[in-house]
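All remarks here apply to the structure that follows.
The values are calculated or read from the model by the stated rules, or taken from the named source; none is laboratory data. Quick caveat, the model's predicted, so the values are computed rather than measured. Virtual Cβ from ideal backbone geometry, glycine too; neighbours counted across all protein chains shown.
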């Protein structure tokens with residue numbers, strides 16, 4: 001391509017680089033390192049789900065799905081949310097099937113945010129939020145989680161609200177820290193947003209991966225918050241099929257109408273046989289009701305295997321990510337330390353600073369434990385050998 005076609009000064013996103021996930025996964029491959037960086041399983045989804053996909057492919061379900069999604073899948077989602085969170089979303093007008101949660105996030109932010117609108121982003125934050133806000137000429141306003149336990153610092157959120165605040169983005173269970181919302185948090189958020197025009201995007205893709213007897217707290221549980229919220233989830237995280245890229249967004253009709261205006265011009269419709277396969281697979285509730293115990297076992301194996309290491313372990317309350325504090329091991333910043341672990345120790349991890357714009361100096365890394373148990377044990381053995389760096 002000729003160099004004069006797009007200059008850096010003309011780029012719509014001049015400050016956006018390639019994702020840290022892609023960078024670390026590439027390094028893992030180059031150095032033959034155990035890849036605990038990018039957040040996807042190293043095991044397959046169930047044979048039953050694969051057979052269902054094949055069934056609908058052979059059954060002539062291979063053309064465009066309806067733009068909002070296959071009706072039976074949206075009905076099943078509505079039924080599940082009603083049963084678990086006691087909130088009814090009309091499947092026809094309030095639930096949209098999306099090409100993964102990231103596309104849902106893009107559409108939800110883009111359909112609301114205009115030039116100059118402020119969006120409160122609570123960080124560490126998933127790396128798509130800020131760029132999408134900036135792409136729409138909005139202004140991200142970053143507020144940190146409490147540094148001690150990664151709980152929500154609502155006083156700081158309240159202080160960040162101005163007359164230009166249009167949106168707050170919530171993520172629970174939280175990537176990358178593994179912290180989770182409490183019911184008391186919903187009450188505070190209700191108080192903060194009452195009598196305002198603030199819209200909430202609630203990223204709940206790890207809703208079924210939550211530990212130690214806790215229950216997921218969804219914004220759909222609050223009648224007040226649900227009326228101003230896009231609630232987003234992901235089949236990929238729940239059913240070990242991230243490559244199928246199917247998610248969904250639930251919101252009241254007026255918000256859904258706006259989201260679909262954007263959705264139709266991003267993907268129009270989502271993979272048809274996958275939607276039918278998921279709809280049938282959802283009939284067996286055990287597939288998602290047992291997910292927490294499935295992943296808690298992996299979390300506990302990783303933590304136990306690291307018990308003799310020099311890392312400080314911060315047990316995750318949800319997601320399939322585990323944080324490790326390496327301040328007793330090295331003075332390197334987290335990117336340097338992550339590169340060291342990948343190249344010299346043979347374990348690829350994710351530094352936390354790319355999730356942050358403020359408080360970037362903490363010596364913390366993130367490991368994905370959505371891996372086979374022998375992989376977790378092998379990685380932990382390598383990490384236990386790290387004493388100084």
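Is the stretch 147-154 home to any residue that is in contact with a strand residue (DSSP E or B) (Cβ under 6 Å, 6 or more places away or on another chain), farther than 30 Å from residue 283 by Cα, assigned by TED's automatic domain parsing to the domain that holds residue 203 and free of Cβ contacts under 8 Å to residues at least 60 places away in the same chain? No, the stretch 147-154 contains no residue that is in contact with a strand residue (DSSP E or B) (Cβ under 6 Å, 6 or more places away or on another chain), farther than 30 Å from residue 283 by Cα, assigned by TED's automatic domain parsing to the domain that holds residue 203 and free of Cβ contacts under 8 Å to residues at least 60 places away in the same chain. Scanning the stretch 349-375 for residues that are in contact with a strand residue (DSSP E or B) (Cβ under 9 Å, 6 or more places away or on another chain) and more than 18 Å from residue 325 (Cβ to Cβ), we see that the one that is surrounded by the fewest Cβ atoms within 10 Å (Cβ to Cβ) is 358. Every condition in (1) more than 21 Å from residue 148 (Cβ to Cβ); (2) in contact with a strand residue (DSSP E or B) (Cβ under 7 Å, 6 or more places away or on another chain); (3) in contact (Cβ under 8 Å) with a residue 24 or more places away in the chain holds for residue 335 except the one numbered (3).
Can you find a residue in the stretch 101-112 that is crowded, with 16+ Cβ neighbours inside 10 Å, more than 19 Å from the chain's Cα centre (by Cα) and assigned by TED's automatic domain parsing to the domain that holds residue 133? Within the stretch 101-112, one or more residues are crowded, with 16+ Cβ neighbours inside 10 Å, more than 19 Å from the chain's Cα centre (by Cα) and assigned by TED's automatic domain parsing to the domain that holds residue 133. Looking at the structure I just gave you, is residue 270 crowded, with 20+ Cβ neighbours inside 10 Å, assigned to a loop (DSSP other than H, G, I, E, B) and touching a residue at least 12 places away in the same chain (Cβ under 8 Å)? Judged against the criteria, residue 270 is a match.
Residues of the stretch 286-293 include at least one that is closer than 27 Å to residue 103 by Cβ and surrounded by fewer than 17 Cβ atoms within 10 Å (Cβ to Cβ). Pairing each residue of the stretch 75-89 that is surrounded by fewer than 19 Cβ atoms within 10 Å (Cβ to Cβ) with any residue that is in a loop (DSSP other than H, G, I, E, B), provided the two are 6+ apart or on different chains, yields C-beta distances under 7 Å for 75/91; 80/282; 82/88.
Restricting the first member to the stretch 340-357 and to residues that are in the same structural domain as residue 33 (by TED's automatic domain parsing) and at positive phi, and the second to residues that are assigned to a strand (DSSP E or B) and modelled with pLDDT under 95, no beta-carbon pair is closer than 7 Å while six or more apart or on different chains.
Let's see how each residue does on (1) under 14 Å from residue 85 (Cα atoms); (2) assigned to a strand (DSSP E or B); (3) in the same structural domain as residue 179 (by TED's automatic domain parsing):
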position	(1), (2), (3)
192	no, no, yes
196	no, no, yes
200	no, yes, yes
206	no, no, yes
215	yes, no, yes
220	yes, no, yes
224	yes, no, yes
231	yes, yes, yes
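Is there a residue in the stretch 242-259 that is within 19 Å of residue 55 (Cα to Cα), assigned to a helix (DSSP H, G or I) and in contact with a helix residue (DSSP H, G or I) (Cβ under 9 Å, 6 or more places away or on another chain)? The answer is yes, given that some residue of the stretch 242-259 is within 19 Å of residue 55 (Cα to Cα), assigned to a helix (DSSP H, G or I) and in contact with a helix residue (DSSP H, G or I) (Cβ under 9 Å, 6 or more places away or on another chain). Considering 267, 246, the condition of being within 30 Å of residue 68 (Cβ to Cβ), in contact with a strand residue (DSSP E or B) (Cβ under 7 Å, 6 or more places away or on another chain) and in the same structural domain as residue 78 (by TED's automatic domain parsing) is satisfied by 246 alone.
Residues that are assigned to a helix (DSSP H, G or I) and either outside the structural domain of residue 235 (by TED's automatic domain parsing) or surrounded by 12 or more Cβ atoms within 10 Å (Cβ to Cβ) (or both) occur in the stretch 29-36; there is at least one. Any residue at all in the stretch 174-186 that's buried (at least 24 other Cβ atoms within 10 Å of the Cβ), in contact with a helix residue (DSSP H, G or I) (Cβ under 9 Å, 6 or more places away or on another chain), in contact (Cβ under 8 Å) with a residue 40 or more places away in the chain and closer than 20 Å to residue 89 by Cβ? Checked against the condition, which is being buried (at least 24 other Cβ atoms within 10 Å of the Cβ), in contact with a helix residue (DSSP H, G or I) (Cβ under 9 Å, 6 or more places away or on another chain), in contact (Cβ under 8 Å) with a residue 40 or more places away in the chain and closer than 20 Å to residue 89 by Cβ, the stretch 174-186 yields no hits at all. Listed by first and then second residue, the pairs linking a residue in the stretch 54-65 that is outside any loop (DSSP other than H, G, I, E, B) to a residue that is surrounded by 10 or more Cβ atoms within 10 Å (Cβ to Cβ), with Cβ atoms under 6 Å apart and 6 or more places separating them unless they lie on different chains, are 56/273; 56/276; 56/277; 57/273.
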